[in-house]
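Notes to accompany the following structure.
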Amino acid sequence: SVSPGVLPLCCRLPAWDRASRPSPSPLQPPGLPLAPCRSFSNNKIQVELDESSGVAMMKFKSPPVNSLSLEFLTEFSISLEKLENNRACRGVIITSAVPKIFSSGLDITEMCGKSMEHYTEFWRAVQEMWLRLYGSNMVTVAAVNGSSPAGGCLMALSCDYRIMAENPKFSIGLNEAQLGIVAPFWFKDAFVNVVGHRIAERSLQLGSLHPAPEAHKLGLVDELVPEEKLMEKAAAVMAQWLALPDHARQLTKTMMRKAVLDRLVAHREEDIKNFISFVSKESIQKSLRMYMEMLKKRKS
Ligand code: CO8
């Protein structure tokens with residue numbers, strides 16, 4: 001499993017490490033024979049790496065809603081680390097294999113009625129996912145092909161670029177306040193860095209879930225495209241980003257993100273303690289249970 005306390009890769013590896021790699025060819029144009037492809041699959045995540053373009057596709061396949069359980073988060077971090085350590089991989093597109101849902105965010109059942117040990121392990125896995133994704137040296141593109149509340153939104157926010165299917169039924173945002181819980185400071189930091197302070201403040205206080213067109217207007221996603229064009233667009237954006245020399249892009253990414261990453265790394269244990277003391281409160285447990293009930297009622 002992922003070792004606790006591990007630093008994000010941008011902090012552990014010298015940023016120029018990847019710059020010494022040979023530059024692979026741009027994305028395979030349509031019509032040419034298929035490029036060599038390496039794939040590996042866990043229970044909840046499927047990864048395919050096209051070695052000629054250097055681009056991996058990571059698909060979430062944890063129905064019904066790709067909720068971020070401990071198992072999902074662990075598989076995600078391990079898969080990302082595998083790609084990060086593979087010299088043939090320079091970029092990752094993350095998307096969902098579950099129709100209409102990108103990810104429903106943290107698995108609420110992991111935060112209800114569990115032991116302190118479980119909360120500790122779970123929260124460390126959430127931190128680990130974010131440190132690895134936000135701190136990745138690779139180009140990361142989120143192809144958001146469904147709803148993406150809370151932790152799902154965080155995953156998209158942690159990528160370098162977000163493209164969303166233009167379906168107004170799909171929404172995205174940090175809706176924690178609606179559950180009676182508070183988005184941690186590093187969720188907030190990642191959000192502010194994408195949309196700016198004012199929009200983030202209003203959206204966080206209201207726990208807003210923004211339909212795709214509104215999310216685009218706010219800058220929460222960079223582009224909207226028809227759903228059937230999403231992967232094509234993601235590949236095109238990736239090719240554009242990979243056309244630049246790795247070392248300059250990576251150093252720039254580190255410069256932009258390091259302060260925010262360092263803040264969590266410096267306060268990681270305190271953040272776990274805060275999470276445990278918050279989530280173990282009876283009032284918070286009650287809010288989470290009621291929210292789960294509401295989801296079930298809405299269904300019936
Ligand atoms: N965790 C666990 N189970 C979930 C979750 C979730 N996040 N989301 C949905 N489910 C379950 C439902 O309860 C339902 O279960 P069952 O089949 O047993 O009744 C099943 O998944 C399917 O759900 P729906 O019927 O609602 O599916 P729809 O396709 O109609 O809707 C949605 C999909 C839009 C994703 C909808 O399920 C939804 O809105 N889910 C809630 C999303 C949400 O609010 N997530 C927030 C999680 S909290 C978080 O990520 C950050 C917390 C930060 C911690 C702060 C410190 C405490």
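Remarks
- Within the option set Ala236, Ala183, Ala215, being open to solvent by 30 Å² or more (accessible area, probe 1.4 Å) and small (Gly, Ala, Ser) holds for one residue only, Ala236.
- Some residue of region 251-264 being within 16 Å of the ligand (Cβ to nearest atom) and of a type in the set (Gly, Ala, Ser): no
- Qualifying strands (runs of 3 or more DSSP E) (wholly inside region 76-176; at least 2 residues being open to solvent by less than 10 Å² (accessible area, probe 1.4 Å) and within 15 Å of the ligand (Cβ to nearest atom)): 146-149, 161-165, 171-173
- Taking each residue of region 95-115 that is in contact (Cβ under 8 Å) with a residue 24 or more places away in the chain and looking for partners that are within 6 Å of the ligand (Cβ to nearest atom) and open to solvent by less than 20 Å² (accessible area, probe 1.4 Å) with beta-carbon atoms closer than 6 Å, six or more apart or interchain, yields Gly105/Ala150; Gly105/Gly151; Leu106/Gly151; Met111/Val279.
- Subset of region 239-259 (residues that are open to solvent by 60 Å² or more (accessible area, probe 1.4 Å) and either farther than 26 Å from Cys89 by Cα or part of a helix (DSSP H, G or I) (or both)): Gln240, Trp241, His247, Leu251, Thr252, Met255, Met256, Lys258, Ala259
- Checked against (1) out of contact with any Asp or Glu (no Cβ under 7 Å at 6 or more places or on another chain); (2) of a type outside the set (A, V, I, L, M, F, W, C); (3) modelled with pLDDT of 95 or more, Lys44 passes all but condition (1).
The values are calculated or read from the model by the stated rules, or taken from the named source; none is laboratory data. All figures in this text were calculated on a predicted structure; none of them were measured in a lab. Methodologically, a virtual Cβ is constructed for each residue, glycine included, from the backbone with ideal geometry; neighbour enumeration extends over all protein chains shown. The protein model used for the area step is the full one, side chains on, heavy atoms only, and it has no ligands, DNA or RNA in it. Shrake-Rupley method; radii C 1.70, N 1.55, O 1.52, S 1.80 Å.
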